[in-house]
1. Between residue 40 and residue 112, what's the calculated FRET efficiency when r is the beta-carbon distance and R0 is 35 Å? Round to 0.05.
2. Could you tell me the relative contact order of the range 1-104? Use alpha-carbon pairs under 8 Å, at least six residues apart, and round to a whole percent.
3. Apply the a/c threshold of 1.5 to the C-alpha gyration tensor of the range 40-103 and tell me whether it is rounded, prolate or oblate.
4. Whole Å is fine, so just give me how far the alpha carbon centre of the range 142-207 lies from that of the range 12-69.
5. Give the calculated FRET efficiency between residue 177 and residue 84 to the nearest 0.05, with a Förster radius of 25 Å applied to their Cβ-Cβ distance.
6. Nearest 5 percent is fine: what portion of the DSSP beta bridges confined to the chain is antiparallel?
7. Could you give the length gained on full extension between residue 134 and residue 164, defined as 0.36 nm per residue of separation minus the Cα-Cα distance, in nm?
8. Is the shape of the range 134-213 rounded, prolate or oblate, going by the alpha carbon gyration tensor and its root eigenvalues a ≥ b ≥ c, with a/c under 1.5 for rounded and a/b larger than b/c for prolate?
C-alpha cells in the first residue's frame, strides 16, 4: 500500500449533531442536487451517496471535500433516487421484510445501469457552472452502493465521462474483477465489514496508481449515513477518512 501525505488538508471541526449545510440545492439534469464549494473552483467532485440519500453526515462530508484541500472543489451530489431513498432501518436487515425491501431497492432504484446512464448528462449540465465557461476537471467519489458506481465509471473506456480520479468509501458489492478494468487513479477506504479477501484481491488487480486502506474499527457506512459522530472513535476515523480522500485527490485530481 502506498503512503500518502495528509499535510495538504486541514479538516474543520466535525459537528456531531444538528449539522447545518453550507451548500444549496440545485436542479441538475432534472435531479435535485446538493452543490457546495467555491464558485471559483476549477475542479469538481461528483459524489454518489449511499442508498440512504441526503443524510447530515453525508452532506457534512461533501462540505469537507469542498473546502479542506489546498485545491478547491465544487462538489455535486445528485439525488438518483428522486426523493425515495432506502429506509436506514432496513440495514443491516433484521427481518425477511427488510431483506426483501433491500433486494427490491437494489434491483430497481439502485440498479447500476440506471445511474450510470445519467452521469454523463449530469456532468455536462454541471459544467455550465464552471468559471470562465470552461469544463471542470472532475473526480468521482462513492459511498457504499456509490462505491460500486464509482468503480464501474472508472472502468469505462469510451471517454464519455472525463474523470481524473475515483474514490470508493466502504464499497458495497465489491468485485475484484471491476478493479482489473479501472483506468484512472483510484482509492479504496474499506471498513471492517467488507470482505478482506475482496479488498486484497482488488488491490492486487488494480493496474493504475491506487491507495487501499482498511479502517479496522469502523462499520460499513462510517463516512456517510451510518456514521455515529457522537462516538469519539467514529468521529476521529471519519475525519481521518476525509483527510485520506483529500490527500489522494490532491495528488491525482
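1. Numbers: r = 34 Å, r/R0 = 0.97.
Efficiency, rounded to the nearest 0.05: 0.55.
2. Details: 138 pairs, mean separation 30.2, N = 104.
Here the relative contact order equals 29 percent.
3. Details: a/c = 4.09, a/b = 2.79, b/c = 1.47.
Because a/c hits 1.5 or more and a/b exceeds b/c, the range 40-103 counts as prolate.
4. Spelled out, the Cα-based centre of one part sits 21 Å from the other.
5. Working: r = 31 Å, r/R0 = 1.22.
That pair, residue 177 with residue 84, gives E of 0.25.
6. Working: 9 of 35 bridges.
Around 25 percent antiparallel, to the nearest 5.
7. 9.2 nm is the gain from fully extending residue 134 to residue 164.
8. Details: a/c = 2.03, a/b = 1.62, b/c = 1.25.
Because a/c hits 1.5 or more and a/b exceeds b/c, the range 134-213 counts as prolate.
No value in this document is a laboratory result; all are computed from the given coordinates. Everything numeric in this text was worked out from a predicted model, so none of it was measured. Here Cβ is always computed from backbone atoms with ideal geometry, including for glycine, and neighbour counts include all displayed protein chains.
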